[in-house]
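Read through the structure below, which is laid out as structure tokens, and then see the notes.
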Amino acid sequence: MRHQKNTVKLGRKEGHRKSMLANLACSLIEHSRIKTTLAKAKAVKPMAEKMVTLGKKKTLHARRTALAVLRQADIVKMLFDEVAPRAAERKGGYTRIIKLGQRKSDASEMCFIEWVDAPVLVETALPDPKAAKPAKKAAAKKADEPAVEGEAKPEKKPRAKKADKKTEE
């Protein structure tokens with residue numbers, strides 16, 4: 001009997017679907033986080049988790065099985081060397097899906113799929129432009145200083161003042 005043998009078709013034939021899911025799983029292993037549609041994320045999640053389970057076994061058979069599914073040797077190496085050891089104590093649930101809302105073009109539900117135990121990527125804010133200006137002025141002053149003590153500093157030209165827009169009107 002074929003109980004619970006349904007699969008998500010994603011509007012593709014079997015070969016295309018397997019290749020697409022393998023590529024998504026490889027991208028997830030390589031980048032630790034990918035942005036995709038919710039349907040694809042839900043389809044790739046079981047495959048990615050099975051690959052991590054294979055990676056935790058650390059046998060030649062498990063490595064060859066992962067290679068047969070993922071089809072990229074460098075990604076399989078990364079899976080066995082980096083991703084699987086991080087999940088050694090975890091018994092499952094290696095990935096999470098974070099919903100992002102709808103895509104503007106076709107209103108597809110978008111999401112991030114990422115490893116639960118992935119190293120946290122800290123997003124740094126850009127430096128405050130006001131704080132950066134004094135540092136630039138200090139560097140400019142050093143550049144303007146004469147190389148030899150006997151030389152005179154070049155004179156600076158005064159800047160032209162900007163006219164007010166209200167007075168012109």
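Quick note: the coordinates plus some simple rules give every number you see, no bench work behind them. Bear in mind that the values here come from a model prediction, so they are computed numbers and not experimental data. In this analysis, Cβ positions are derived from the backbone assuming ideal geometry, glycine residues included, and neighbour counts consider all displayed protein chains.
Once you place label points 7 Å from the Cα toward the Cβ at A68 and N23, how far apart are they in nm?
With each label point 7 Å from Cα toward Cβ, the separation is 2.3 nm.
Between A88 and E49, what is the spin-label point distance in nm, taking each point 7 Å from the Cα along the Cα→C-beta axis?
2.3
With charges set only on the Cβ (+1 for Lys and Arg, -1 for Asp and Glu), what does the dipole of the stretch 14-115 come to about its Cα centre, in debye to the nearest 20?
With Lys and Arg at +1 and Asp and Glu at -1, about 220 debye.
Calculate, for M78 and K9, the FRET efficiency according to 1/(1 + (r/R0)^6) with r their C-beta to C-beta distance and R0 30 Å; round to the nearest 0.05.
Rounded to the nearest 0.05, the efficiency is 0.55.
Please compute one quarter of the surface area of the Cα convex hull for the stretch 14-115 and express it in square nanometres.
6.5
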